[in-house]
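*Asks:* Here it is: the structure, laid out below.
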Amino acid sequence: MKRPLVPPYVETLKPYVPGKPIEETEREYGLRNVIKLASNENPLGPSKLGMEAAAKALADLHYYPDGAGFQLKRKLSTKLGVPPEEIFVGSGSNEIIELLIRTFMGPEDEALISAGSFVMYKVALHAHGRKFVEAPMKNRAYDLDAIAERIGERTRLIFLANPDNPTGTWFGPSKLEQFLERARKANPDALVVMDEAYFEYVTVSDYPDSLKYREAHPNLVTLRTFSKIYGLAGLRLGYGVMPAPLVEYLNRTRMPFNVSSVAMAAGVAALDDAAHVIRSRSTNAEGLLEVTEGLKAIGLDVLPSQANFVFVETGRPSGELFEAMLRRGVITRPIPNYGFPTALRISIGTREENARMIEAMGEVLGKR
Ligand SMILES: *Cc1c(COP(=O)(O)O)cnc(C)c1O
């Protein structure tokens, strides 16, 4: 018998479904001025300082990048107050998620994730043929007790997104502290990966900066990205903060030049662009209010969010609604692959984009 081309876990792998691109939508629907509120991108665009640095870096494209990421790590080190040896730079934080799985999990190990959270954890685990256990959510938010209960001897990685994607919900410092204590008692070898892709957008005070818990919890890994508030999603740049020995292991399994020179140059400059971050955060905070109120006013159920998107419960299969919105030139994100077949995830845009989205939604639902 002919040998199968791929292992069973690749055969059954469902690929990640990205947000629908603007150009594709315009082509397929014969539209112009389509707006995309589907991938949690920064509606204000990239940091200008980042763009200028990227343009300047083009003159050196014939050189390989600095594989050690010296400048970017130095900058991050100063900004975050952590030693450069404890920083790992990746091609988006997605690459680091994948490298953590590849590096720290053996065939007998398990990862622990929250059902309904960021789907890339599952995709990456599946792609590596690794086992995972899913804990249920509670009221569409992380249930840290349910996760802690499932920590066992084989648990190697625990992924926690805070704020969560796609729900936008978050958990506070006391919940996290309790969880870290429980996790340490249940299995001190399990690494707790705090995925803080939306960290810079958070405005509430009851939110934990996981970097503060590093000393007490040496099993902690913090992931952040330049894709969201810094507006550099197209360049692929993210970083992880973790004990130096972990960084060393990731350095063994990564490709030698996993991050491009242009991305690193843009990242260094973007970290200095405080004005862009502040403007992005306040635009988002205002947008969150407008969008939440606007959608609630037309009868939709919207979860509280500390990210740059909202989770909207539509009470019907969301595919049709998504389609109807596309025809009006507004790309949203149906999330059946996250286990929410009746919900849409909608990114916060500019004021004009938000208004257009709410108006289109009102038309589609016949409430205008
Ligand atoms: C957007 C996002 C990321 C970032 O991905 P990049 O690879 O850095 O673009 C990571 N985790 C979550 C939960 C996200 O929503």
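The values are calculated or read from the model by the stated rules, or taken from the named source; none is laboratory data. Everything numeric here is computed off the predicted structure, so don't read it as measured data. Note that each Cβ is placed from the backbone with ideal geometry, even for glycine, and that neighbours are counted across all protein chains shown. Side chains are part of the model used for accessible areas, which takes the heavy atoms of the whole protein and leaves out ligands, DNA and RNA. Shrake-Rupley method; radii C 1.70, N 1.55, O 1.52, S 1.80 Å.
*Asks:* Show the residue pairs that are 6+ apart or on different chains and have beta-carbon atoms under 7 Å apart, the first residue being within the stretch 225-247 and closer than 20 Å to Glu86 by Cα and in contact (Cβ under 8 Å) with a residue 60 or more places away in the chain, the second being more than 9 Å from the ligand (Cβ to nearest atom) and of a type in the set (Asp, Glu).
*Replies:* Short answer, once both residue conditions are applied: Val241/Glu86; Met242/Glu86; Pro243/Glu86; Ala244/Glu85; Ala244/Glu86; Val247/Glu85; Val247/Glu86.
*Asks:* Go through the stretch 21-61 and give me each residue that's among the charged types (D, E, K, R) and closer than 20 Å to Glu359 by Cα.
*Replies:* Within the stretch 21-61, Glu26, Arg32, Lys36 meet the criteria.
*Asks:* Take the conditions within 16 Å of the ligand (Cβ to nearest atom), in contact with a helix residue (DSSP H, G or I) (Cβ under 6 Å, 6 or more places away or on another chain) and either open to solvent by less than 30 Å² (accessible area, probe 1.4 Å) or among the acidic types (Asp, Glu) (or both) and apply them to Ile35. Does it pass?
*Replies:* Against the criterion (within 16 Å of the ligand (Cβ to nearest atom), in contact with a helix residue (DSSP H, G or I) (Cβ under 6 Å, 6 or more places away or on another chain) and either open to solvent by less than 30 Å² (accessible area, probe 1.4 Å) or among the acidic types (Asp, Glu) (or both)), Ile35 does not qualify.
*Asks:* Restricting attention to the stretch 252-261, report how many residues are crowded, with 17+ Cβ neighbours inside 10 Å and either out of contact with any Ser or Thr (no Cβ under 7 Å at 6 or more places or on another chain) or among the aromatic types (Phe, Trp, Tyr) (or both).
*Replies:* So the answer is 3.
*Asks:* Of all residues in the stretch 136-159, how many are surrounded by fewer than 23 Cβ atoms within 10 Å (Cβ to Cβ), within 16 Å of the ligand (Cβ to nearest atom) and not in a loop (DSSP other than H, G, I, E, B)?
*Replies:* Qualifying residue count, the stretch 136-159: 1.
*Asks:* Follow-up question, since we're still on this one. When the residues of the stretch 199-251 are filtered to those that are more than 10 Å from the ligand (Cβ to nearest atom), of a type in the set (S, T, N, Q) and over 18 Å from Phe179 (Cβ atoms), which remaining residue is surrounded by the most Cβ atoms within 10 Å (Cβ to Cβ)?
*Replies:* Restricting to residues being more than 10 Å from the ligand (Cβ to nearest atom), of a type in the set (S, T, N, Q) and over 18 Å from Phe179 (Cβ atoms), the top hit is Asn251.
*Asks:* Follow-up. Does at least one position in the stretch 179-190 carry a residue that is under 30 Å from Ala54 (Cα atoms) and either among the aromatic types (Phe, Trp, Tyr) or more than 16 Å from the ligand (Cβ to nearest atom) (or both)?
*Replies:* No, the stretch 179-190 contains no residue that is under 30 Å from Ala54 (Cα atoms) and either among the aromatic types (Phe, Trp, Tyr) or more than 16 Å from the ligand (Cβ to nearest atom) (or both).
*Asks:* Mind checking which pairs have a first residue in the stretch 164-181 that is open to solvent by 10 Å² or more (accessible area, probe 1.4 Å) and a second that is more than 16 Å from the ligand (Cβ to nearest atom) and hydroxyl-bearing (Ser, Thr, Tyr), Cβ under 8 Å, 6 or more apart or different chains?
*Replies:* Within 8 Å, the pairs are Glu177/Tyr213.
*Asks:* Show the residue pairs meeting these rules: Cβ distance below 6 Å; 6+ apart or different chains; first residue within the stretch 36-49 and part of a strand (DSSP E or B); second residue open to solvent by 50 Å² or more (accessible area, probe 1.4 Å).
*Replies:* Going by the 6 Å Cβ cut-off, the qualifying pairs are Lys36/Ile22.
*Asks:* On to the next question. Condition first: under 20 Å from Gly234 (Cβ atoms) and assigned to a loop (DSSP other than H, G, I, E, B). Now tell me which residues in the stretch 16-35 satisfy that.
*Replies:* Tyr16, Val17, Pro18, Gly19, Lys20, Pro21, Val34 - these are the residues of the stretch 16-35 that are under 20 Å from Gly234 (Cβ atoms) and assigned to a loop (DSSP other than H, G, I, E, B).
*Asks:* Moving to a separate point now. Please give the number of the condition Phe311 fails out of (1) under 23 Å from Glu85 (Cα atoms); (2) within 16 Å of the ligand (Cβ to nearest atom); (3) not aliphatic (A, V, I, L, M).
*Replies:* (1)
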